[in-house]
Each structure stands twice: as structure tokens, then as C-alpha cells.
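Some notes on the structure that comes next.
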Amino acid sequence: MPTHRQQRVAEQIKIEIGQLIEHQVNDPRLNLVSVTDVTISADLREANVFVSALAGEAASTDVLAGLEHARGFLKRGLAQRMQLRVVPNLHFHWDKSLETGDRISRLIDQIEDHAEG
């Protein structure tokens, strides 16, 4: 269970990275990318950043490549925006939960349609 400090830092990192991607990163691979979650290690040195994009999982390879390319810029941006002794190393991951949720929703709709018909 993350501590209150871990949760606060993770939430702030989520907000700041989202703003940096939206307003300061000029990479077409990162258009319409959302930071969906951030988890951070107990020592606050490692952050797992989960993302998704409007284009869906088909864009995941390009999005993750764009984030890897922008990693240094994003880390410097966090250093400037946040008061942390150590800025965590950023590890980017594709968040499949949106696609999974959408798929489950479609399956439920199919079951309901079948039950009505």
C-alpha cells in the first residue's frame, strides 16, 4: 500500500507530465496522449508512468517510442516544476485498461442484445 507521500508525489507527476506532453513536447507521436496513472517506488526514485492514446493500442509502439525519446526533457521539466530532492527515473508503459474496459462493455452489450432478441 503506497504511503500518502507516494500518492501525492505520483499524482503530481501525473499532472506535470500530462501538461508537459500537451504543451511543450513537439512530437507528433504524442498527440492526444493521456497519462492515466503513475506509481512510484517507496524511495521515490523510480516512477512507472502509464499512458494511453486516442488512437488506441495500435499507436502504442509509436507513443512509447516518443516518450522514450522525450524522457530526458520530461525529467528536466519535472525537476523545474516540482520540489523533489531526487527526480525519479521515468519508465513508460502502455495502459491497456481502457481497451479492456471498452471490450468488456461491448461484450456486455452483445449479451444484452442476445437476451432481448
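Quick note: the coordinates plus some simple rules give every number you see, no bench work behind them. These numbers were taken from a predicted model, which means no experiment stands behind them. When we count neighbours, we look across all protein chains shown, and the Cβ atoms used for this are built from the backbone with ideal geometry, even at glycine.
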Once the dipole of the chain is set up with Lys and Arg at +1 and Asp and Glu at -1 on Cβ about the Cα centre, which of VAL87, GLN12, VAL35 lies farthest towards its positive end?
VAL87
So what is Rg over Rh here for the chain, counting just Cα atoms and using Kirkwood for Rh?
1.09
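If each DSSP helix of 4+ residues adds -39,500 (n - 2.57) and the sum is divided by the residues in the chain, what number results at 222 nm, nearest 500 deg cm²/dmol?
Values: 3 runs with 62 residues, N = 117.
My calculation for the chain gives -18500 deg cm²/dmol from helical runs alone.
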Ranked by GNM mean-square fluctuation in the chain (Cα springs under 10 Å), the top entry among SER60, SER41, SER52 is SER41
Given the peptides 108-115, 18-25, arrange them by the average over their residues of other C-beta atoms within 10 Å, most packed first.
18-25, 108-115
If you take the beta carbon distance between THR61 and ILE15 as r and set R0 to 25 Å, what does 1/(1 + (r/R0)^6) give as a FRET efficiency, to the nearest 0.05?
0.45
Please state the charge dipole magnitude for the chain, taken about the Cα centre, from unit charges on C-beta atoms (+1 on K and R, -1 on D and E), reported in debye and rounded to the nearest 20.
920
